[in-house]
Amino acid sequence: MNKKLPILLLISVFIIATCGLIYELISGTLASYLLGDSVTQFSTIIGVYLFSMGVGSWVSKYFDKNLLSWFIRIEILVGLVGGTSSSILFMVFESVSSFRIVLYGLISFTGILVGLEIPLLMRILKDRFEFKDLVSKVFTFDYIGALIASLVFPLVLIPYMGLVRTAYLFGMLNVLVALVACIVFGHEIKGVKYLKSASIISLLALLAGFIFAERITSFSESLTYSDTIIFSKSTPYQRIIITKKGRDLRLFLNGNLQFSSVDEYRYHEAIIHPVLGALPQAKNVLVMGGGDGLAVREILKYPQIQTVTLVDLDKEMTKLFRSNEMLLKLNKRSLLSPKVTVVNADAFSWARMQRKTYDAIIIDFPDPSNYSVGKLYTNTFYNIVKHLLNPDGIMVVQSTSPFVAPKSYWTVEKTLQSAGLHTVPYHNYVPSFGEWGYIMAMYKPVYKVPDTYLPGLRFVSKSCLEQMLFFPKDMARVPASVNRLNNQILVKYFEEEWSTVL
């Protein structure tokens, strides 16, 4: 055997370990984008993937001859399957009755192929190293590759390349391993011309996918969204999509509608004016979430407001709504106001470090569809945030639909109460969402419906707010639990209730 073989195959271990974990991360991320509940998706995908690798390792014992040739075949196949996985999953999401069958089938197949790689390599290398050296070298390269993959995936690959292009890139790396092996060790490989040709063709196909990744992504997303997509970008935290149809601009985060420009004023007037209308002396306001600047737009209508601090995790989100002309027109350039300070940070961590207090706090996070967002609806978080509220201040929390998800809605109220706050629940109808809920919270039970409102409001008025405070029987209070950081029962309630209508 060629003396170059051991070191080249050890380098192959590093590459295939990196590629294998990248495919796993891509599947988990894509599933969380499309299906929600990222913890469940990643947990089940990791489990299925590792089990499938075990199956692949067990199957490897049936490969007795031409091990290097089989290794090259598997590398080509892994590259093709893994490289095209994200494109396939995006494209079939809207066209198959059970997306999960395709998702877990593809994960299982990829896992089996990856599970074959290391056992075959170890058997190829067994005559070149002592057993203890072989095991230590192979697994050292394997684990280093996994570490590199876990670091570059969220920090570099997703924000700068996206899921589709990343998959094609690492598919090419797998096939390159096969092609290099064909070139360097061709005299030792049976059918090397066939394998070399297959490697080159596969590499070119994956390269084409890499080059046209944006078109593939746009095409696959056009199958999901009925309106024209005018902006799309993957950030380390989410997939941002903006669509346009006529005068209707719509923002989607990880596939979930955040607003429609046709009726967003109903939502944003409802979350701001019942609070600030009752606080005529309010000067300093904190907004958590709301990176689109639409809530800030409503706040700036009050001339007495001196400062607005907006805390939103995703800097790409706030950057977009501070630069795009269509979006600047929609939010009235609110995020560019000298009164506004934008902080891109995790709200949970940021709030723990603050000592300044505010007259009003607007909590406008996405729905608690996963645990990373669900922590922002826990009693732990509310106990932190209440210390940022002035004694006579009011905070409000967007709290999902009391009609579709009553248990989720009243759990938010129960959780706020567990933090020692008095609550005022209310709701309104937003055509794009249906019946939607909010909960005001304060230190003292002194809330009074404001008698006067700013001129020019399109929706909120005294009579309108009085109706919003009334809950008919089909949205009446139901037994609820406190959402705690260690169990996040709210995420479970939310998924159960919304799954019946989605």
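The values are calculated or read from the model by the stated rules, or taken from the named source; none is laboratory data. Bear in mind the structure is a predicted one, so any value in this text is a computation, not a measurement. In this analysis, Cβ positions are derived from the backbone assuming ideal geometry, glycine residues included, and neighbour counts consider all displayed protein chains.
Against the conditions (1) in contact with a Leu (Cβ under 7 Å, 6 or more places away or on another chain); (2) more than 20 Å from Ser86 (Cβ to Cβ); (3) outside the structural domain of Leu77 (by TED's automatic domain parsing), where does Ile230 fall short? Just the number, please. It is condition (1) that Ile230 fails. Of the residues making up the stretch 335-385, just one is of a type in the set (Gly, Ala, Ser) and touching a Pro at 6+ places or on another chain (Cβ under 7 Å), namely Gly374. The set of residues in the stretch 153-182 that are over 19 Å from Val78 (Cβ atoms), part of a helix (DSSP H, G or I) and hydrophobic (A, V, I, L, M, F, W, C) comprises Leu155, Val156, Ile158. The combined condition, being in contact (Cβ under 8 Å) with a residue 12 or more places away in the chain and either in contact with a Leu (Cβ under 6 Å, 6 or more places away or on another chain) or among the small types (Gly, Ala, Ser) (or both), is fulfilled by Ser150. Report whether or not Glu188 is touching a strand residue (DSSP E or B) at 6+ places or on another chain (Cβ under 8 Å) and modelled with pLDDT under 85. Spelling it out, it is not the case that Glu188 is touching a strand residue (DSSP E or B) at 6+ places or on another chain (Cβ under 8 Å) and modelled with pLDDT under 85. Counting the residues of the stretch 425-458 that are touching a residue at least 60 places away in the same chain (Cβ under 8 Å) and either crowded, with 17+ Cβ neighbours inside 10 Å or touching a strand residue (DSSP E or B) at 6+ places or on another chain (Cβ under 7 Å) (or both) gives 12. Candidates Ile229, Ile200, Ile241: the one that is part of a strand (DSSP E or B) and surrounded by fewer than 20 Cβ atoms within 10 Å (Cβ to Cβ) is Ile229. When the stretch 104-116 is filtered for residues that are buried (at least 21 other Cβ atoms within 10 Å of the Cβ) and of a type outside the set (A, V, I, L, M), the ones remaining, listed by number, are Thr110, Gly111, Gly115. For the stretch 244-263, residues that are more than 15 Å from Phe365 (Cα to Cα) and not in a strand (DSSP E or B) total 6. Can you confirm whether Ala360 is of a type in the set (Gly, Ala, Ser), assigned to a loop (DSSP other than H, G, I, E, B) and either touching a residue at least 12 places away in the same chain (Cβ under 8 Å) or surrounded by fewer than 22 Cβ atoms within 10 Å (Cβ to Cβ) (or both)? No, not satisfied.
Let's see how each residue does on (1) among the charged types (D, E, K, R); (2) farther than 25 Å from Ile489 by Cα:
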| position | (1), (2) |
| --- | --- |
| Gly20 | no, yes |
| Glu24 | yes, yes |
| Thr29 | no, no |
| Lys61 | yes, yes |
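Looking only at residues in the stretch 309-337 that are within 27 Å of the chain's Cα centre (by Cα) and within 22 Å of Pro280 (Cα to Cα), which one is surrounded by the fewest Cβ atoms within 10 Å (Cβ to Cβ)? Only one residue tops the list, namely Thr309.
Taking every residue in the stretch 317-336 that is without any contact (Cβ under 8 Å) to a residue 12 or more places away in the chain and under 25 Å from Pro159 (Cα atoms) and pairing it with any residue that is part of a helix (DSSP H, G or I) and not polar (S, T, N, Q), at least 6 positions away or on another chain, the pairs with Cβ-Cβ distances below 9 Å are Leu328/Leu335; Leu328/Leu336.
How many residues does the stretch 51-103 contain that are among the acidic types (Asp, Glu) and buried (at least 16 other Cβ atoms within 10 Å of the Cβ)?
Selection size over the stretch 51-103: 1.
When the test is whether a residue is free of Cβ contacts under 8 Å to residues at least 24 places away in the same chain, of a type outside the set (Lys, Arg) and touching a Phe, Trp or Tyr at 6+ places or on another chain (Cβ under 7 Å), Gly82 does not pass it.
Taking the criterion of being assigned to a helix (DSSP H, G or I) and of a type in the set (S, T, N, Q), the residues of the stretch 367-396 that qualify are Ser372, Asn379, Thr380, Asn383. Is it the case that Ala441 is within 31 Å of the chain's Cα centre (by Cα) and part of a loop (DSSP other than H, G, I, E, B)? Spelling it out, it is not the case that Ala441 is within 31 Å of the chain's Cα centre (by Cα) and part of a loop (DSSP other than H, G, I, E, B).
Taken over the stretch 14-25, the criterion of being surrounded by fewer than 24 Cβ atoms within 10 Å (Cβ to Cβ) and aliphatic (A, V, I, L, M) is satisfied by Ile15, Leu21, Leu25.
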